[in-house]
Each structure stands twice: as C-alpha cells, then as structure tokens.
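The values are calculated or read from the model by the stated rules, or taken from the named source; none is laboratory data. No experiment lies behind these values; they were computed from the predicted model shown. Positions of Cβ are backbone-derived with ideal geometry, glycine not excepted, and every protein chain shown enters the neighbour counts.
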Amino acid sequence: MKRNLFAFAILASTALTSAAWAADTIKIGLTGPFTGGSSSMGVSMRDGVKLAVGEINKAGGVLGKQLQLVERDDEAKNEVGVQIAQELINKEQVVATLGFINTGVGQASQRFYQEAEIPVLNNVATGSILTKQWPDAKANYVFRNAANDTIQSSMIAEEAVKRQGFKKPAILADSTNYGQLGQKDLTEALAKMDLKPVATDKFNIGDTDMTAQVLKAKEAGADVILTYAIGPELAQIANAMAKLGWKVPMIGSWTLSMASFIDTSGANGDGAMMPQTFIEAPTTPKRKDFIEAYHKAYGGDRMPSPVSAAQGYDSAYLLAAAITQAKSTDGKKIKDALENLQTKVEGVVTIYDKPYSATDHEAISANIPVFGLVKGGRVVPAHPEDIAGDKAVRVKPKS
Amino acid sequence: MNILAQLIVSGVVVGMIYGVIAFGYQLTFATSKTLNFGQGEALMLGALVGLTTINFLIGQQIGTFAAYLLMLPVVLAFGLMQGAVVEFLGVRQAIRTKSEAGWIMATIALGIIFKNLAENIWGRDALRFPSPLPEAALSFAGVRIQPMEIAIVLGAVGLMIAVEVFNRRSIYGKAVVATANDRDAAGLMGINTRLVITFSYALSSMAAAFAGVLVAPITLTGATMGAVLGLKAFAVAIIGGLSSGVGVVVGGLILGITENLTGYYISTGYKDVPGLVLLLLVLTFKPSGLFGAATIKKV
C-alpha cells in the first residue's frame, strides 16, 4: 500500500510538471524518415525545421510561448507513420505537424490530422494527391510547400523538349507508386507537346542490372532519358549508360539531387538535371544566412538534401506566422489563418505572399522551381540566368 | 547481333551471382536435406563485413585492390562462422527431433534477426562499396563489360570448383560426400555426421558471403540487398536441382539470361515472369530439377 501511494505521488507530480510545462510551450509535431533510404531528405528537413524553430524561439517565440518540437522517425513506413500520427495527436496533443517525405506515408497518416482538425504542413512529399485527398470535405487541413509531381513532370517535359530541343525521350521509372505515377504524368506532359516517348521501361527497387532497360532506350534512338525513381536505382542507370559507352542527358524528378545518386554514380552522374525549389548557393542575403547557419549548426559543407532543408525551414516560419495571426493554438483557427495569411513570410525558397487560399493548398507554383545540374558532386543552377538578379526570388503569381 | 551478345553477357554475370548463392543452398541440402532460408542475409552480412574491413584497410593507406584481396579471407572466415551459428541455433535441434518444418521457421527467423542487426550496426542507407578494379568498361567486338563483371564470373566459378575439388579429393570432403549419399551409413562408418552438417552450413554461408563481396562493387551494399538475390537464387536452386552442383550454375545462367532477354525483347515489366514460369514447369514435370537425380523418400 505504501509503495502504491509512493508511485501515485510520483505519477501525480510528473503529470503536474508536464502540464505546467505544456502551458508554457506550443507543441509541434515533426515527422519524417530519419533513418533508411530516404533519410538524407528526412534529416535535412528536420534540421531545417529545427534551425527555424531555434531562431523563432530566440526572438521570443510565438504568442509569448516557446515552440517545442516533438520529433518522430516514421522510417518511411506507412504503418509507422499512422502510429506516429495517432501518438502525436492523442498523446502529445500537438498543435500542428510539419513533415512527410514519402507520399505513401503522408497519404496514410494525414487522414488522422484531418479528422482531428489539426493542420499538417507537408514540406517535402511530392505526390499530387496529398493536398486533394478529401475533395468533398468541408475543410482541408493539409497544406504543402513543396513542388508537387504535376508541376515537376511538366517542368521536366518542358525543359527536355522545348528548351533543349530533344525529340526522342525515353522514360525510365521504378515500379513503385512514386515511379509509376510520375511516369504517367510525364507521358501526359509529353503528349501535350505531341510527343510519344520512344521507350518506357521500369525496374524494381534493388535491381542490380539495368543493361536491358538502358539498351532498349539506346536502340530506340533516345536522345534524352527522363527519370522518375530514387537515388540508388538512378545511380544504376547512370552507371549502366557508362558501361554501355552511351551518354545522353538524364533529366528527371528532384530525386536526382539525392546524395545517394550523386555519391554512387560519381562522374557518371555529372550533368543530370532536375527541378529544384532551392539550390545551395548564396543568391540572396537570406539564403546566405540560412546556408551559413545550417553548416554552423550541423557541420559539413554540403547539405544532404538542400531542397528538403530549405522547405523544412520555410514550413516552420509559415506555421509560426499562422499561429501568430490566429492568436490561438486551435487547429481550425490556424487553418483559417493559413488560408488567409496577412503577413508576408520571407522564406529561403520564396517570399510567401498569401501562399494559400481556401481552395489552393499549394504554396509552390510552377514558376518557382528552377533546374539544378549535378556537377562535381554538388547541385548547381543549370541555367544561372534563370536566377540572376531580380529573378533570384521567384514568387507565386496572385490568383 | 551485338545487342543479343550484350544481353547474354550481362545475363551471365547476374546468373553467376544467382548460381553461387544457389550453390550454397545445394551444399546444405546435400548433407542434411535442409536449407538456410536466410541465405540472402548471409550474403548481405558478408558484404557489410567486407565493406567495414575494406574501408579500414584503405584507411591504413593500402591500395584498393590490395585491400580487397586482404579483405577476402576475413569475409570468408566470417561467412564460415556465421553459417555454423545458423546451423547451431536453427537447424541442429530440428534435425535431431526430425522436425519437418522447424528448420524453415528457424532459418527465416534468424535471417530477420540478422537483417535487423545489420540495420542497427550499419544503418539503413545503401552504401557504396569501393571497386578494386577500374570501372571503365572494356569492349570486346562491340560487347561492353566492366572488369569487375569478369571478376564476378571468374570468382564464382573459382569458388565452386574449389569447393567441389575439396569435396572430391580431401578426406574431409569425402566425409561430406559420404554423408550426402547416406547419412545413416556414414554415421555407422564412424563419420561425425553432425559435424559434417555444421561444416556444410559454414561452407554454404561462406559461398553467400563471397557472393556478397563480389556483387557489392557493381551495386550498393545495405541491409536489404540480400532479400531479392536470396529469393532468385532459391528459384535457381529449384530449376537446376538441389542435388547438383552443375545444375545450379546452369540454372543461374538460364534465369539471368532469360531475365535480360525478356526485359529487352518483351517488356521490362515482365522481366521476372519467364523465370518463375520455368520454375513452375520444372516443379510440375521434373520436381527434382533439370539436373537433379530423382530421390525416393522412404517414410
């Protein structure tokens, strides 16, 4: 009995202290794959968010309270994502959640936030469906500040056909949802330009030999290879081309900027091009500060995934602005504030001037990303003139 | 013509990798009529241990090629040990109690444990394995092949010949063959059949670990690299026949080449189908495999 009382006392006191603690802070969920194949994106995103939250807290926090991040590793697994969503909503009682790298995890997890009326700022996952999961719902609690696949696929087709004048594209995509939906989007984007890919081939995650796929593209007379896949297999494509002594440009989704592609393909990957919302180059004072602060905090001289870091950083500022405007941590009020944001938020990707509306939950429009190019182990601007001078900050057009 | 030759050459390389792993299945099946379903994980562990070793050696200012050669004995020894552990923990008990399925569960479970272990030690990222040979491809009459791919074929054939010679020429090897022919009779002749079975498991994992470090330089190393390869090799072992060393080589080549030909001439989406259809055909018409001798199981 005595022991029970003691245990009860401990429980009560911890409950009291955590309640008191909670009152002083605003809890924000932060979730993504921090281990595993897509961890370079997850870790960069997390570090970007932490950097922004550190700055916000140093400047006095939001509504006079400090922001407190609750980090959870979803391991890029749908079922883990679902568990985390429930934990963050019910146990941690977060005000909003930032994150999601993998479209599948987002798709599986976001419905819990939607039901609980807690906003999600999806800062990396690109699947077009993610902001349109519930077309019939009265309100949508999912917002995004990443370039979705519809934008990316049409950019890729545009770049390859219109800007560089290639006429015989071949599409290579992996057999996952990401690859196959991307392949469909690409084919449609090409069809709008009256072009049919000369070859469309797929491969499985973990395939060790791409000879057949690459040879088919070569024999079909392809003059450019368009890709929708992830790092390791993209590297296998670049290496297979080198083996066959055949080199045509690779243009593909933003995953061509993954460290696993750049490092594994080495010189074979040089010249690959992909849409990027952010390139690690100090083109504006804001970007310079961000890059310096990032490396000061986390070391190194190359971000594992600059796009994820920048979008993570911006998502934290967007959320902070919305909470400030809502003057409340109520999910519905934050959502309303996001849909009608009065203050301009200066991020590293762009300046967010009314980024969202009740019907448009995509902060990144088609004009914002530019093409990056792999060169000597880094991603550099493919067309420096695109981001020169006053074009450095590309802003979403007013609707 | 060149295309066909190129596809066949690339298929041979992949097929030889399947063949070495399947060879490992065949080794344990011959002595104990059991298999290690964690063979893919044995390959993965071998590759990761090899990666750590080679990176350590390169750190000691040894050239990549010398480091690769020095790394091989370490990996082979590790493979032997890992196989013995699998036999001790997973198979011995099942054989003693004449359990029909115990070893299946146990080796699958051990495979999962090894995979989790590798994820915790080496992380879940795919890692680059330094290539001991130049990566620029050589060209033979229009067919291009990487030096490492030649090394894979030579290494795989070399290992299989070495094991076969050992089995046929040495007194220890003869114990293995005797056990494979008739375990009870071998036991009565004074052969420690239990030790022979442990040894065959050790050899089997050694073959897998060797395959791991052979394939690693042309692909990536990571905790999940063994899963697909282990499964493909299983199909190879069934096609070729679990009782024949030649069978697994031929089975590997058949699967590797058909995959590539289907991928090119039919569709990359159906790359894996013909191999599996062949597997079903073999199971229907010649269950002991193309090269396997039919056995009568007395019950």
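So the values come out like this:
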quantity	calculated
Test result for A:Thr277, more than 14 Å from chain B (Cβ to nearest Cβ), more than 23 Å from A:Thr150 (Cβ to Cβ) and in contact (Cβ under 8 Å) with a residue 12 or more places away in the chain	no
Helices (runs of 4 or more DSSP H) (entirely within the range B:1-95) containing at least 2 residues that are within 14 Å of chain A (Cβ to nearest Cβ) and closer than 28 Å to B:Asn120 by Cα	B:2-32, B:39-59
Per-region count, the range A:283-323, residues farther than 18 Å from A:Val124 by Cα, in contact with a strand residue (DSSP E or B) (Cβ under 7 Å, 6 or more places away or on another chain) and β-branched (Val, Ile, Thr)	1
Residue match in the range A:299-316 (condition: touching a residue at least 24 places away in the same chain (Cβ under 8 Å), within 23 Å of A:Thr35 (Cβ to Cβ) and over 16 Å from the mean Cα position of the chain (by Cα))	yes
The listed residue being of a type outside the set (S, T, N, Q) and in contact with a strand residue (DSSP E or B) (Cβ under 9 Å, 6 or more places away or on another chain), out of B:Leu133, B:Leu138	B:Leu138
Boolean, B:Gly123 is within 12 Å of chain A (Cβ to nearest Cβ) and either more than 23 Å from B:Leu48 (Cα to Cα) or touching a Phe, Trp or Tyr at 6+ places or on another chain (Cβ under 7 Å) (or both)	no
Enumerated helices (runs of 4 or more DSSP H) restricted to the range A:284-399, each holding at least 2 residues that are surrounded by fewer than 16 Cβ atoms within 10 Å (Cβ to Cβ)	A:285-298
Close pairs (8 angstrom Cβ cut-off, 6 or more residues apart or separate chains): closer than 22 Å to B:Val20 by Cβ in the range B:41-66, basic (Lys, Arg) anywhere	B:Glu41/B:Lys115; B:Met44/B:Lys115
Residue that is farthest from the other protein chains (Cβ to nearest Cβ) [pool: residues in the range A:200-251 that are under 23 Å from A:Ala189 (Cα atoms) and of a type in the set (S, T, N, Q)]	A:Thr227
Subset of the range A:338-372 [aliphatic (A, V, I, L, M) and over 20 Å from A:Gly312 (Cβ atoms)]	A:Ala358, A:Ala366
Checking B:Ser205 against (1) modelled with pLDDT of 90 or more; (2) surrounded by fewer than 18 Cβ atoms within 10 Å (Cβ to Cβ); (3) polar (S, T, N, Q), the condition it does not meet	(2)
Tally of residues being in a helix (DSSP H, G or I) and either touching a strand residue (DSSP E or B) at 6+ places or on another chain (Cβ under 7 Å) or surrounded by 12 or more Cβ atoms within 10 Å (Cβ to Cβ) (or both) across the range B:175-194	12
Given (1) surrounded by 15 or more Cβ atoms within 10 Å (Cβ to Cβ); (2) more than 16 Å from the chain's Cα centre (by Cα), index of the condition B:Gln60 fails	(1)
Residues located in the range B:183-192, provided they are at negative phi, of a type outside the set (A, V, I, L, M, F, W, C) and without any contact (Cβ under 8 Å) to a residue 24 or more places away in the chain	B:Asp184, B:Gly187, B:Asn192
Matching entry among B:Val228, B:Val248, B:Val282, B:Val273 (being closer than 28 Å to B:Pro73 by Cβ and either buried (at least 23 other Cβ atoms within 10 Å of the Cβ) or more than 16 Å from the chain's Cα centre (by Cα) (or both))	B:Val248
Those residues of the range A:233-259 which are of a type in the set (D, E, K, R) and in a helix (DSSP H, G or I), in sequence order	A:Glu233, A:Lys243
